[in-house]
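*Asks:* Structure incoming, see below.
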Amino acid sequence: MIVRISRKPALVAACVVSLSACATGELGAGADPSYTASLPEPDTARANSDFTQSDYRISPQDILEINIFGFSNLSRVAQVDGNGRISFPLIGGVAAAGRTVSELETEITRKLAAKYLQSPQVSVFVKESVGLRVTVEGAVRKPGIYALKGKSTLLQALVMAEGINDVGDSAVTLIRVSDQRRISAKYDVSAIRSGQLADPLVYGGDTIIVDESLGRTGVQVLKSAVPAMLSIGAKPW
């Protein structure tokens, strides 16, 4: 028996190889000059070298743990409302959003000392924070909202989302709110990995978007089509 193999699958395989070569070299050394190496710091962080609770600025919906030393009946967990305020015993509403933990501690201390307590010792801890989370979406293996722990970079944030998927582009958009304006910049992940570009810091409230690569999407479509086409192409004489 003579078996004839159609040449079409071979042509398809050649297309796959060709597209793969294009997909793996979409950016890298010849990166688009419009790609940005930096963004201004967001409204949720101070411009200094340490990214900790001390420089984090409280956001609406954050959950705060507030303790008054020696007065456990006053200590409580409070959520910042949509207007950026919390309600606290004796002193009522207090503006929290936009302040650091230290600034809020000072304000609560001032209001309690004015009428109610002598030299109160107030401590505030950000228990859950919207502002310390980063959103990763698009062509990644596990899109979602992730909590930042200390300083985190763009590559580290992508790792939390389990990396760029098989159809993802190395072009990544980082969106941030700074000076009450929504701004964005593009980064070439391939250039960052190769050391050509610095790995930028990401901050709470940032959004990272990974677009799909047209070339890689085509490769995946063709790869899934090849086995079926091969079985159809192998026909007895």
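Just so it is clear, none of the values below were taken in a lab; they were calculated from the coordinates. Predicted model only: the values in this text are computed from it and were never measured. For neighbour counting, all protein chains shown are included, and Cβ atoms are generated from backbone atoms with ideal geometry for every residue, glycine included.
*Asks:* Extension gain GLN121-GLU103, at 0.36 nm per residue separation less the Cα-Cα distance, in nm? Before the final figure, lay out each step's value.
*Replies:* On the way: separation 18, 0.36 × 18 = 6.48 nm, distance 1.36 nm.
Additional length available on full extension: 5.1 nm.
*Asks:* PHE71 to LYS151: FRET efficiency via 1/(1 + (r/R0)^6), r the Cβ-Cβ distance, R0 41 Å, to the nearest 0.05?
*Replies:* Working: r = 35 Å, r/R0 = 0.86.
The formula returns an efficiency of 0.70 here.
*Asks:* Apply 1/(1 + (r/R0)^6) to the Cβ-Cβ distance of SER178 and ASN83, taking R0 = 22 Å, and write down the FRET efficiency to the nearest 0.05. Could you put the intermediate results ahead of the total?
*Replies:* Details: r = 22 Å, r/R0 = 0.99.
With a Förster radius of 22 Å, E is 0.50.
*Asks:* Another one. Distance cut-off 27 Å, Cα to Cα: go down the list LYS127/LYS186; LYS111/LYS149; LYS151/LYS186; LYS115/LYS149 and report the pairs above it.
*Replies:* Checking Cα-Cα distances, LYS127/LYS186; LYS111/LYS149; LYS115/LYS149 exceed 27 Å.
*Asks:* Here is a further query. Would you work out the relative contact order for segment 59-146, in percent, from Cα pairs under 8 angstrom that are 6 or more residues apart? Each step should come with its number before you reach the end.
*Replies:* Values: 140 pairs, mean separation 27.6, N = 88.
Once normalised by length, the contact order is 31 percent.
*Asks:* Taking θ as phi - 60°, what are the ³J(HN,Hα) couplings along segment 158-170 by the Karplus curve (6.51, -1.76, 1.60), each to the nearest whole Hz, with x for Gly and Pro?
*Replies:* Values, residue by residue: 5, 5, 4, 8, 6, x, 6, 7, 5, 10, x, 8, 7 Hz.
*Asks:* Next question, about the same structure. Can you compute the FRET efficiency between SER194 and ASP166 using 1/(1 + (r/R0)^6), with r the Cβ-Cβ distance and R0 = 30 Å? Round to the nearest 0.05. List each step's numbers first, then the result.
*Replies:* On the way: r = 20 Å, r/R0 = 0.68.
For SER194 and ASP166, the calculated efficiency is 0.90.
*Asks:* Now, a different point. Given 4 °C and 1.567 mPa s, compute D for segment 65-133 with the Stokes-Einstein relation, Rh being the Kirkwood radius over Cα pairs; round to the nearest whole µm²/s. Display every interim value, and only then the final one.
*Replies:* Numbers: Rh = 12.3 Å.
This corresponds to a translational diffusion coefficient of 105 µm²/s.
*Asks:* Sticking with this one: So between ASP211 and THR135, what do we pick up on full extension, going 0.36 nm a residue minus the alpha carbon distance?
*Replies:* Details: separation 76, 0.36 × 76 = 27.36 nm, distance 1.42 nm.
Roughly 25.9 nm would be gained on extension.
*Asks:* Enter the mean projected area of the convex hull around the alpha-carbon atoms of segment 88-210, in nm², rounded to one decimal.
*Replies:* Working: hull surface 37.8 nm².
For the Cα atoms of segment 88-210, the hull's average projected area reads 9.4 nm².
*Asks:* Same structure, new question: Among DSSP beta bridges whose residues both lie in segment 62-216, state the antiparallel percentage, nearest 5. Write out the running numbers ahead of the final one.
*Replies:* Working: 34 of 38 bridges.
Given both bridge residues lie in segment 62-216, the antiparallel proportion sits at roughly 90 percent.
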